[in-house]
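Data block below; observations after.
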Amino acid sequence: MTLESRLDAWSQGWRGPLFAALVALIAGLPGLFAMPPLDRDESRFAQATSQMLETGDYVVIKFQDQPRFKKPVGIHWLQAVAVKTFSDAEDRRIWAYRIPSLLGAMLAAAACAWGAAALLDPRTGLIAGSILGATFLLSSEAFIAKTDAALCGTTTLAMGALARIYAAQLKGESAGKLTKLAFWIGLSVAALIKGPVGLLTVFLALAALAIWDRKARWMKDLGWTWGAILFAAIVLLGASYTLRNNGHVRVDLVYGNVSDKVRLWIDIVGLIIFLLPVTAYVTYLIWPFFLTSYETGEMSSNAGGLIRWPVKLIMLLGFGLLFVQGLSELIKRIAALG
């Protein structure tokens, strides 16, 4: 049997992505156990997750006695699940905190093979995913307990699903629901891990495709109705709770080097100029759309389409609750000044 025939056999169906994930596992697994903490950021991520497990506070990220708002909470949740499952916070074993990074690298390799198989062919997809999994950069990030490998995995999952949706549209077909679900899950989890980075990657790719093809009609097949519901449920509804617990991401370059009084004024100005006007305006815009959709029982135009008002309701609640919580925070900041 020739190498080409073996590659063809290994790349069929889910064997190609699984093989690519295995390559990433082999490349990253030795460092998971053998390497000590490599830099101060890795130690800080692990320490913050450990304190999250010890205190039971899964919203406000803290490093020792100081809030740590440099990254969203998603990576700490993933690390907390890994430590709870395979170790214990008291053991302080760094390998347990690295598991999400290793899984992220494996997901990136598998998603690359999966997406490339649709745009090119399964054999090329297998080779592409395996090369990505074996690269020095990804295999190194696989044993570092930070955001990068997990973000790479979720973003590549969204991009791989987007590639399959695009390829299906080129053939005049519609992608399956599981492919669309993978797209929205990848997008949502990427937002929880590193904010807008994954979103920008995907939406810049969408913009580039629209400009290149001079059409964007195929993007209707992304499942915007229920996909937006999923994204809003994962990301948006937690925004007001995060604000209440003072757990949102800030630019520490400015905020972390000023007095408490100046911080209060920064919060007040930010709330008055940015948060409250934006959330109030968006809530005002969404309300009539939700009301009309609810009263008319608006349905998605896709075959077997779902009702549309739930997604508009979640958006309305998300921005509405964020406005109310912002108003509450403004009152507290003004009172603290006095």
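The values are calculated or read from the model by the stated rules, or taken from the named source; none is laboratory data. In this text the structure is predicted, and so the values were computed from the model without any measurement. Note that we place each Cβ from the backbone using ideal geometry, even for glycine, and neighbour counts take in every protein chain shown.
With A158, A190, A109 as the choices, which residue is outside any loop (DSSP other than H, G, I, E, B) and either acidic (D, E) or over 15 Å from the mean Cα position of the chain (by Cα) (or both)? Selected residue: A109, the only one of A158, A190, A109 that is outside any loop (DSSP other than H, G, I, E, B) and either acidic (D, E) or over 15 Å from the mean Cα position of the chain (by Cα) (or both). Screening F45 with (1) surrounded by fewer than 20 Cβ atoms within 10 Å (Cβ to Cβ); (2) within 26 Å of A109 (Cα to Cα) gives one miss only, at (1). Working carefully through the options I99, I131, find the one that is over 14 Å from the mean Cα position of the chain (by Cα), in a helix (DSSP H, G or I), over 30 Å from S5 (Cα atoms) and at pLDDT 95 or above. Answer to the check: I99.
Filtered by the rule that a residue be under 21 Å from K194 (Cβ atoms) and not in a helix (DSSP H, G or I), the stretch 27-56 gives P37, L38, D39.
Here is a yes/no grid of residues against (1) under 30 Å from Y166 (Cβ atoms); (2) touching a residue at least 12 places away in the same chain (Cβ under 8 Å); (3) out of contact with any Cys (no Cβ under 7 Å at 6 or more places or on another chain); (4) surrounded by fewer than 16 Cβ atoms within 10 Å (Cβ to Cβ):
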position	(1), (2), (3), (4)
K62	no, yes, yes, no
K71	no, yes, yes, no
Q79	no, yes, yes, no
F86	no, yes, yes, yes
R93	no, no, yes, yes
A96	no, yes, yes, no
S101	yes, yes, yes, no
L107	yes, yes, yes, no
G115	yes, yes, yes, no
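Looking at S130, is it among the small types (G, A, S), surrounded by 15 or more Cβ atoms within 10 Å (Cβ to Cβ), within 26 Å of G318 (Cα to Cα) and in contact with a helix residue (DSSP H, G or I) (Cβ under 9 Å, 6 or more places away or on another chain)? No, not satisfied. Taking the conditions (1) surrounded by fewer than 24 Cβ atoms within 10 Å (Cβ to Cβ); (2) closer than 16 Å to L25 by Cβ in turn, A142 satisfies each one other than (1). Just one of the listed residues (G31, G13) is surrounded by fewer than 16 Cβ atoms within 10 Å (Cβ to Cβ) and out of contact with any helix residue (DSSP H, G or I) (no Cβ under 6 Å at 6 or more places or on another chain), and it is G13.
Name the helices (runs of 4 or more DSSP H) wholly within the stretch 202-312 that hold at least 1 residues that are at pLDDT below 80 and closer than 30 Å to G172 by Cα? The qualifying helices (runs of 4 or more DSSP H) are 224-234.
When L178 is tested against (1) among the hydrophobic types (A, V, I, L, M, F, W, C); (2) more than 22 Å from R98 (Cα to Cα); (3) surrounded by 23 or more Cβ atoms within 10 Å (Cβ to Cβ), exactly one condition is not met: (3).
Residue check: is F19 assigned to a helix (DSSP H, G or I), in contact with a helix residue (DSSP H, G or I) (Cβ under 9 Å, 6 or more places away or on another chain), farther than 17 Å from S140 by Cα and hydrophobic (A, V, I, L, M, F, W, C)? Yes: the conditions hold for F19.
All of (1) among the aliphatic types (A, V, I, L, M); (2) closer than 24 Å to T147 by Cα; (3) surrounded by 20 or more Cβ atoms within 10 Å (Cβ to Cβ) hold for V197 with one exception: (3).
In the stretch 48-60, the qualifying residues are those that are among the polar types (S, T, N, Q) and over 13 Å from I75 (Cα atoms), and the one that is surrounded by the most Cβ atoms within 10 Å (Cβ to Cβ) is Q51.
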